[in-house]
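Colleague: One structure is given below, represented as structure tokens, and several questions about it will come after.
The values are calculated or read from the model by the stated rules, or taken from the named source; none is laboratory data. None of the values given here were measured: they were computed from a predicted structure. Cβ coordinates were reconstructed from backbone atoms using ideal geometry, including for glycine residues, and neighbour counts include every protein chain displayed.
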């Protein structure tokens, strides 16, 4: 062993442990950390922490979610739990003493049925701890012992502490399976929850009731209808919102519950009850809190998924959504982008609302982002905008977004290239009555990237590109006949190998691709072969044609097209 290894051994074993022992300890520690993380994931929205005062008004609670949520949002501390020092002889269930669980559960249930408030409170506290974090008993065991109806009855108690423990337990039980949630509903919890929510001003109760209702509605559309039919949820949420002018835990829970309500298909039977909560969303989006903004954006996005785009627009939240696309939190940004995508996929007037909010300026920044996912989402939104009317497409061109999209189509990952391909192809297909706009797009260098896209194994993209190339060749053929000159696009496609690729596609397995390729070759290239070859044999100056081509079509991508001359031509 050399001196370097000896120094390393001494340093690594300064606590009289060998290197191998230290390595094994690290391995065990990593395994334990992964096990704990997995268990934390499995307990869903349950929580547990030993502390002395569960009824402090300055409470805090860690926020878990059953829907996609911000992983990098700074969480609050957990709610404090009861830790009564009284010894009532009920016994303590621990991970090391599980053999007598049925007997101890029976004792706890007897404690719930006791006439002594202190014993009832201790029993409820132990049930809550067992459900929250110790993983000793399951929700199903509690249901099998018929304890759920007892918990529901405690919601009607005059003792605030008993009600609080009961509502916490029921919120944890509501994280179970559909059958387990059904057992809670059968015990009559929903009318009591909605009644308490409409009257109580205690944020602890509001938080757990909203928490439980959110877990119930997200599990099943039928459960959602039951919750909405039992009470005016919109009025209750509005009352809570009016009492809290700053972001807080109950508002975060409310935003998550609302997003859970909107998540599934919205039927006409529940639409009136759901629509009563819209003003709450319109106010929540003004809060500068990542958790709230994230949930509100997803709620609005679910409305768009339900073809309620006009209702989203009528809330007046479009400017906020466009601004949130530039938010510092990536997950808030992604949620806002998803909502904007739904709006721009609507009709021209709905799309114009987003354009008027400055979406094109925002997209110009997002298209040059260093993150591929952000660029792809921006291209997806832009591809929907280029399916709009001529005025909208002309606005896109003059802002310089087409040139950026062409540059990404030539120099980006495939997913981004795919979306930018739709941006360009949609724009060209919609400009059939304005050939000068098509000419402007072609001059920005779209031919080479489009031809390159023919090499991808994606039938949808190949079909779209072939149709676009056909439209460009048709326009240039008309211009060439009017000006008595060569079809420069046809010459360029031949020069860069596009004709060979299209010829190969005549043997493609897809019938539509095969037919499109045949039509292009037959219409634009087959009849020219003989004359073109004779010109080459007579010393046709191809380099001179290339110079002419580059002069007529500026194929270098740029960030602005203001300097491009648009020739007004008619077909």
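Colleague: Out of (1) assigned to a helix (DSSP H, G or I); (2) farther than 15 Å from residue 464 by Cβ, what's the single condition that is false for residue 412?
Modeller: Every listed condition holds for residue 412 apart from (1).
Colleague: I need every pair where a residue in the stretch 498-526 that is touching a residue at least 24 places away in the same chain (Cβ under 8 Å) has its Cβ under 6 Å from the Cβ of a residue that is assigned to a loop (DSSP other than H, G, I, E, B), sequence separation at least 6 or different chains.
Modeller: 501/454
Colleague: Report whether or not residue 240 is surrounded by fewer than 21 Cβ atoms within 10 Å (Cβ to Cβ), in a helix (DSSP H, G or I) and either modelled with pLDDT of 90 or more or within 26 Å of the chain's Cα centre (by Cα) (or both). Write out each step before concluding.
Modeller: Values: surrounded by fewer than 21 Cβ atoms within 10 Å (Cβ to Cβ): no; in a helix (DSSP H, G or I): yes; either modelled with pLDDT of 90 or more or within 26 Å of the chain's Cα centre (by Cα) (or both): yes.
The answer is no for residue 240.
Colleague: Run residue 475 past the list (1) crowded, with 17+ Cβ neighbours inside 10 Å; (2) under 40 Å from the mean Cα position of the chain (by Cα); (3) under 30 Å from residue 345 (Cα atoms) and report the number of the one that doesn't hold.
Modeller: It is condition (2) that residue 475 fails.
Colleague: Starting from residues that are over 13 Å from the mean Cα position of the chain (by Cα) and touching a residue at least 40 places away in the same chain (Cβ under 8 Å), keep the ones in the stretch 283-302 and report whichever is surrounded by the fewest Cβ atoms within 10 Å (Cβ to Cβ).
Modeller: Initial filter on the stretch 283-302 (over 13 Å from the mean Cα position of the chain (by Cα)): 283-292.
Narrowing further to those that are touching a residue at least 40 places away in the same chain (Cβ under 8 Å): 283-284, 287-292.
Numbers: 283: 16, 284: 23, 287: 20, 288: 8, 289: 18, 290: 19, 291: 25, 292: 23.
Among those that are over 13 Å from the mean Cα position of the chain (by Cα) and touching a residue at least 40 places away in the same chain (Cβ under 8 Å), it is 288.
Colleague: In addition: Within the stretch 417-472, count every residue that is part of a helix (DSSP H, G or I), free of Cβ contacts under 8 Å to residues at least 40 places away in the same chain and over 31 Å from the mean Cα position of the chain (by Cα).
Modeller: Result for the stretch 417-472: 1.
Colleague: Would you be able to say whether some residue in the stretch 457-468 is farther than 24 Å from residue 348 by Cβ and modelled with pLDDT under 90?
Modeller: yes
Colleague: Tell me yes or no: at least one residue of the stretch 473-487 is at pLDDT 90 or above, in contact with a helix residue (DSSP H, G or I) (Cβ under 6 Å, 6 or more places away or on another chain) and either in the same structural domain as residue 436 (by TED's automatic domain parsing) or more than 23 Å from residue 445 (Cβ to Cβ) (or both).
Modeller: Yes, the stretch 473-487 has at least one match.
Colleague: Hey, which of the helices (runs of 4 or more DSSP H) in the stretch 125-211, taking only ones fully inside, have at least 3 residues that are over 22 Å from residue 273 (Cβ atoms)?
Modeller: Values: elements: 139-144, 148-154, 160-173, 178-186, 189-199.
Helices (runs of 4 or more DSSP H) meeting the threshold: 139-144, 148-154, 160-173, 178-186.
Colleague: Being more than 19 Å from the chain's Cα centre (by Cα) and assigned to a helix (DSSP H, G or I): is that true of residue 255 here?
Modeller: Details: more than 19 Å from the chain's Cα centre (by Cα): no; assigned to a helix (DSSP H, G or I): yes.
Criteria not met by residue 255.
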